[in-house]
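Accompanying notes for the structure given below.
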């Protein structure tokens, strides 16, 4: 199974000291291996591979939004390159930079729908696991993440090609190293949630 991890700096595994090796991706790969799942993590990005999977790839881009604007670059504009080759499963988590830039939750959700349409147009045989935003230690931003997640979940539940993955359960005091990025404990929890959702998706 070819898995594409698509998102922002959280997908990369950003940390104050650079990167946490492999981010959630390496931890997820280990869980899938233990479950007997043969998965190849694909993409064009080699930045921050895991210690146990140096060939692991992804499509994580620090600072990116869903759709580009005058301030930030977006994933939508790169879809032709990202999906040059078909993948079986996309793990998508994106949107906190849109919120951070002042975009309202309803507009962020509309951007997400546009992104999903673009992905399926280019990768029609694939499925998507849509991860929720993990939240933030800043209370105002955390509320906006929660509002956005409610809209995201509605989008996921009305499309049989999309499976919802709830990643919002991280502890705001112990699982983040800055307002929006998870530390190693947070990444372990993310990997647990991704793995559980993927395994359920495969058995559905």
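The values are calculated or read from the model by the stated rules, or taken from the named source; none is laboratory data. Predicted model only: the values in this text are computed from it and were never measured. All Cβ positions, glycine included, derive from the backbone under ideal geometry; neighbour counts span all protein chains shown.
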| field | Every residue from the stretch 150-161 that is touching a strand residue (DSSP E or B) at 6+ places or on another chain (Cβ under 9 Å) and in a helix (DSSP H, G or I) | value | 152, 153, 155, 156, 157
| field | Breaking point among (1) surrounded by fewer than 19 Cβ atoms within 10 Å (Cβ to Cβ); (2) touching a helix residue (DSSP H, G or I) at 6+ places or on another chain (Cβ under 8 Å); (3) in contact (Cβ under 8 Å) with a residue 12 or more places away in the chain; (4) within 29 Å of residue 17 (Cβ to Cβ), for residue 174 | value | (3)
| note | How many residues of the stretch 123-149 are closer than 19 Å to residue 190 by Cα, part of a helix (DSSP H, G or I) and in contact with a helix residue (DSSP H, G or I) (Cβ under 8 Å, 6 or more places away or on another chain)? The answer is 2
| query | What pairs come up if the first residue lies in the stretch 69-81 and is more than 22 Å from residue 42 (Cα to Cα), the second is surrounded by 17 or more Cβ atoms within 10 Å (Cβ to Cβ) and at pLDDT 95 or above, and their beta carbons are under 9 Å apart, counting only those six or more places apart or on different chains? | reply | 69/98; 69/103; 71/65; 72/64; 72/65; 72/97; 72/98
| message | Residues that are in contact with a strand residue (DSSP E or B) (Cβ under 6 Å, 6 or more places away or on another chain), crowded, with 23+ Cβ neighbours inside 10 Å and either closer than 19 Å to residue 136 by Cα or at pLDDT below 95 (or both): does the stretch 13-21 have at least one? | response | yes
| Filtered residue count, the stretch 162-198, keeping only those that are within 16 Å of the chain's Cα centre (by Cα) and part of a loop (DSSP other than H, G, I, E, B) | 8
| query | Given 42, 37, 96, which one is touching a strand residue (DSSP E or B) at 6+ places or on another chain (Cβ under 8 Å) and touching a residue at least 24 places away in the same chain (Cβ under 8 Å)? | reply | 42
| query | In the stretch 177-194, how many residues are buried (at least 16 other Cβ atoms within 10 Å of the Cβ) and closer than 9 Å to residue 137 by Cα? | reply | 1
| field | Leading residue by the ranking (surrounded by the fewest Cβ atoms within 10 Å (Cβ to Cβ)) among those in the stretch 28-48 that are closer than 16 Å to residue 61 by Cβ and out of contact with any helix residue (DSSP H, G or I) (no Cβ under 8 Å at 6 or more places or on another chain) | value | 46
